[in-house]
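Peer 1: First the structure, then my questions, so here it is.
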């Protein structure tokens with residue numbers, strides 16, 4: 001019982017630690033405060049500039065990539081369809 005009370009006191013008396021603050025660089029990426037290229041604490045990239053940069057980083061897939069993905073998925077499903085019946089309930093299922 002004493003151990004439970006000691007543990008309860010330790011857990012209730014402990015204060016949670018907070019993480020160190022983070023800053024952003026000129027590109028809006030998160031970095032450590034005080035690192036080279038870090039902006040002052042609390043500085044944020046303007047939202048319209050942030051969205052413009054995010055759109056520039058995103059690339060839309062072209063038709064060749066989409067057809068390759070569809071073909072790979074169809075091939076995977078075809079291989080699954082070709083697998084033999086196996087439910088493991090018969091002894092013959094476990095013999096090679």
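Peer 1: Consider residue 29 carefully, then state whether it is surrounded by 10 or more Cβ atoms within 10 Å (Cβ to Cβ) and without any contact (Cβ under 8 Å) to a residue 24 or more places away in the chain.
Peer 2: yes
Peer 1: Right, here's the next one. Taking only pairs six or more apart or across chains, which ones have beta-carbon atoms under 9 Å, a first residue in the range 60-81 that is on the phi < 0 side of the Ramachandran plot and at pLDDT below 95, and a second residue that is part of a helix (DSSP H, G or I) and surrounded by 10 or more Cβ atoms within 10 Å (Cβ to Cβ)?
Peer 2: Hits for this filter: 61/69.
Yes or no, residue by residue, for (1) more than 30 Å from residue 27 (Cα to Cα); (2) touching a helix residue (DSSP H, G or I) at 6+ places or on another chain (Cβ under 9 Å):
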{"residue": "60", "(1), (2)": "no, no"}
{"residue": "64", "(1), (2)": "yes, no"}
{"residue": "67", "(1), (2)": "yes, no"}
{"residue": "70", "(1), (2)": "yes, no"}
{"residue": "74", "(1), (2)": "yes, no"}
{"residue": "79", "(1), (2)": "yes, no"}
{"residue": "87", "(1), (2)": "yes, yes"}
{"residue": "91", "(1), (2)": "yes, no"}
{"residue": "95", "(1), (2)": "yes, no"}
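Peer 1: Do the conditions hold for residue 16, that is, is it at pLDDT 80 or above, surrounded by fewer than 10 Cβ atoms within 10 Å (Cβ to Cβ) and out of contact with any helix residue (DSSP H, G or I) (no Cβ under 8 Å at 6 or more places or on another chain)? Reasoning before the result, please.
Peer 2: Values: at pLDDT 80 or above: no; surrounded by fewer than 10 Cβ atoms within 10 Å (Cβ to Cβ): yes; out of contact with any helix residue (DSSP H, G or I) (no Cβ under 8 Å at 6 or more places or on another chain): yes.
When the stated conditions are applied, residue 16 does not pass them.
Peer 1: Tell me, yes or no, whether the range 29-40 has at least one residue that is at pLDDT 85 or above, closer than 22 Å to residue 57 by Cα, part of a loop (DSSP other than H, G, I, E, B) and touching a strand residue (DSSP E or B) at 6+ places or on another chain (Cβ under 9 Å).
Peer 2: Yes, that holds for at least one residue.
The values are calculated or read from the model by the stated rules, or taken from the named source; none is laboratory data. Given the structure is predicted, the values throughout are model-derived calculations rather than measurements. Neighbour counts are summed over all protein chains in view; Cβ atoms, including those assigned to glycine, are modelled from backbone coordinates with ideal geometry.
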